[in-house]
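Q: Okay, here's the structure, questions in a sec.
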Amino acid sequence: MTNNRVFDTNVQLEKYKVLKEVIRRAYEGGLEDAYIDIPKIIAPGPKAETRCCVYKERAIIQERVKLAMGGDKDNPNVIEVIDTACDECPIDSIYVTPACRGCLMHSCAEVCPQNAITIVNNKAVINNEKCIECGKCTKACPYSAILALHRPCVQSCKAKAITMNDYGKASIDNEKCIECGACVYKCPFGAISDKSLVLDIIDILKKSDNNKNYRVYAVIAPSIVSQCRFGRVSQVVTAIMKLGFHQVVEVALGADITLYHEANEFKERQLLTTSCCPSFVAYIEKNFPDLAKYISHSVSPMVEVGLLIKRSDPTAKVVFIGPCSSKKKEYKLAKTKGAIDSVMSFEELQAFLDARNIDTTAMDDTELNNASFYGRIFAKSGGIAQGIAEMGAEMGVDNINPVAMNGLDECKMNLLKLRVGKSPYNFFEGMACEGGCLNGPLCITHSPKNIVDVEKYGNEAKEKDIFNSVKLYELKT
């Protein structure tokens, strides 16, 4: 069973408690009373632990229960704001601290383009009605006495999709949002969260009747290796099968297939941006529509492995398990061709295993050897670039010059250069999450050690050569 130390934050822990109880009730009964019972179980009172009163705590938990059960069906975004929880952040974003010495330079006032800073009683004072939050004063102050207090959600959203409404609550612009989930992980109060599909997954498993009516496959992202805080990866694979899945397949195999396709595609097009990260693809489509023509026509590794499974088992159901919120959107897109039937996060997997009383440390080992070293290191930033260079060398394509864009800030910088013809690169690997999928918003933990785990997992791959890995793909097409 899990404990507090598994998760990075108490926000994740509270989310886990709700998910676990919803899953337990979906199997054992009592789901119809979830909105009433679960808040009282998690916040029994009478003393509040996190909010002003136990009633507010329960109101917020009730909203978490709703998200755990699928969220607002009328909102197409997989990310939602819990209004009740969003009320603790300061509104004014530029703040003069007591460290202001009232110096003679007044450099803060001098650099302000809006004349929003005046000196009163030898101290800087900001007129928030004039302030445009450019941050120039924060850099000009020799004492670092002026701080930019941007809300964590706004600061984390590189797509600039989050603003504050008239009531000071966070509001997501679905036209700008790329559903990367950065705001989900960064909000200190858990006021922004992803919708869960666990009830859909339970329905798929139950209707399979222990895989008699159809087989249910779990496809796991390679970044799972960095999330196994209880037991080995091989034990987690066995535990997943104990949940009712027929077989577990590595998404890294799909990554090998994607590399194979993209190398061939590059030979024809000579300029390519990757299609593996759905948030990166959405970022291009929404912010650089003139560059959308360069997006690879290859589907993502998740979709590739799902298509492979369904070619060999046409009635199969496939559930992706990974660290990504935007995969919950991608799997529904027409271009995925129905390859994936639902998506589960690593956070949800932990809740699922614990709700079903499955102890991974007690499981036997089920080894996976579906993919190559290069497929497995897709989980880290630079993994695709490393793989495409290897694939290009194998195929005699010697002019691939890749760049790994780590996070949306680097994506924006390189795409701007590409737009004006100033980029020296011709293959653009884009990852919305800094560090890559191993730092996805729905990971159980985010640690510098994650990249070490992924590298080790890649080195443990039976196949070191991508071509040997894709032989299975060639046999099934």
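The values are calculated or read from the model by the stated rules, or taken from the named source; none is laboratory data. Only a predicted model underlies this, so the values are computations on that prediction, with no experimental measurement involved. All Cβ positions, even for glycine, are placed from backbone atoms using ideal geometry, and neighbour counts span all protein chains on display.
Q: Within region 11-36, track down each residue that is over 21 Å from Leu349 (Cα atoms) and touching a residue at least 12 places away in the same chain (Cβ under 8 Å).
A: Within region 11-36, Tyr35 is the sole residue that qualifies.
Q: Output the helices (runs of 4 or more DSSP H) that fall wholly within region 260-353 and possess 2 or more residues being under 30 Å from Lys20 (Cα atoms) and in contact with a helix residue (DSSP H, G or I) (Cβ under 7 Å, 6 or more places away or on another chain), or say none.
A: Because the criterion is at least 2 residues that are under 30 Å from Lys20 (Cα atoms) and in contact with a helix residue (DSSP H, G or I) (Cβ under 7 Å, 6 or more places away or on another chain), the helices (runs of 4 or more DSSP H) in region 260-353 that meet it are 301-312, 327-330.
Q: From (1) touching an Asp or Glu at 6+ places or on another chain (Cβ under 8 Å); (2) closer than 21 Å to Val22 by Cβ; (3) surrounded by 15 or more Cβ atoms within 10 Å (Cβ to Cβ), pick out the condition that doesn't hold for Asp72.
A: Checking Asp72 against (1) touching an Asp or Glu at 6+ places or on another chain (Cβ under 8 Å); (2) closer than 21 Å to Val22 by Cβ; (3) surrounded by 15 or more Cβ atoms within 10 Å (Cβ to Cβ), the one that fails is (3).
Q: Tell me the residue from Lys242, Lys335, Lys329, Lys293 that is assigned by TED's automatic domain parsing to the domain that holds Glu367, free of Cβ contacts under 8 Å to residues at least 40 places away in the same chain, within 26 Å of Val216 (Cβ to Cβ) and surrounded by fewer than 24 Cβ atoms within 10 Å (Cβ to Cβ), please.
A: Going through Lys242, Lys335, Lys329, Lys293 in turn, the sole match is Lys335.
Q: Criterion first (over 17 Å from the mean Cα position of the chain (by Cα), closer than 22 Å to Val225 by Cα and surrounded by fewer than 16 Cβ atoms within 10 Å (Cβ to Cβ)) does Asp364 satisfy it?
A: Spelling it out, Asp364 is indeed over 17 Å from the mean Cα position of the chain (by Cα), closer than 22 Å to Val225 by Cα and surrounded by fewer than 16 Cβ atoms within 10 Å (Cβ to Cβ).
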